[in-house]
1. Could you calculate the FRET efficiency of ALA42 with THR66 from 1/(1 + (r/R0)^6), where r is the beta carbon distance between them and R0 is 41 Å, rounded to 0.05?
2. Counting only other residues whose beta carbon sits under 15 Å from that of ALA88, what net charge do I get with K and R as +1, D and E as -1?
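No value in this document is a laboratory result; all are computed from the given coordinates. Given the structure is predicted, the values throughout are model-derived calculations rather than measurements. Backbone-built Cβ (ideal geometry, glycine too); neighbour counts: all protein chains shown.
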Amino acid sequence: MSSKPVLVAALAVVATFCWQQALAQASAPLSRADVKAETRAAEKAGKLTPAGQGGAPAAAAASGPTKTRAQRKAETIAARKAGALAPAGSTQKADNADRAKPTTNSRAERKAETREASKKGELVPAGQGSPAPKP
């Protein structure tokens with residue numbers, strides 16, 4: 001076997017690595033002050049992504065409100081007089097309809113179900129949210 005093809009292959013590999021090194025050194029690393037200046041400029045321009053948000057930054061919202069406070073108050077008063085305002089809180093029609101439905105279990109049955117869930121460790125502590133889905 002001739003050494004010429006091996007030598008050519010070795011030179012090709014070396015040339016590839018040298019080319020990558022030359023490109024990597026073409027752009028000098030930025031100083032800390034340069035990076036901070038770029039970050040401040042991007043922050044002022046609104047181009048930074050908020051922490052934990054991921055993805056591209058959102059488009060800038062329209063600047064300023066489109067109506068004055070007096071206009072909004074006048075519209076609200078007019079809607080209240082016309083009866084067009086929806087009630088706040090859990091007084092919605094769907095909530096009232098759910099409360100009006102008769103229960104399917106007796107109180108003793110619900111208490112027994114709760115005790116059973118407590119024994120199995122299926123109850124979620126108060127304020128902890130919904131249980132994690134089980135695989």
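1. Values: r = 28 Å, r/R0 = 0.69.
E between ALA42 and THR66, to the nearest 0.05, is 0.90.
2. On the way: positive: ARG80, LYS93; negative: ASP95.
After counting each charged neighbour, the total is +1.
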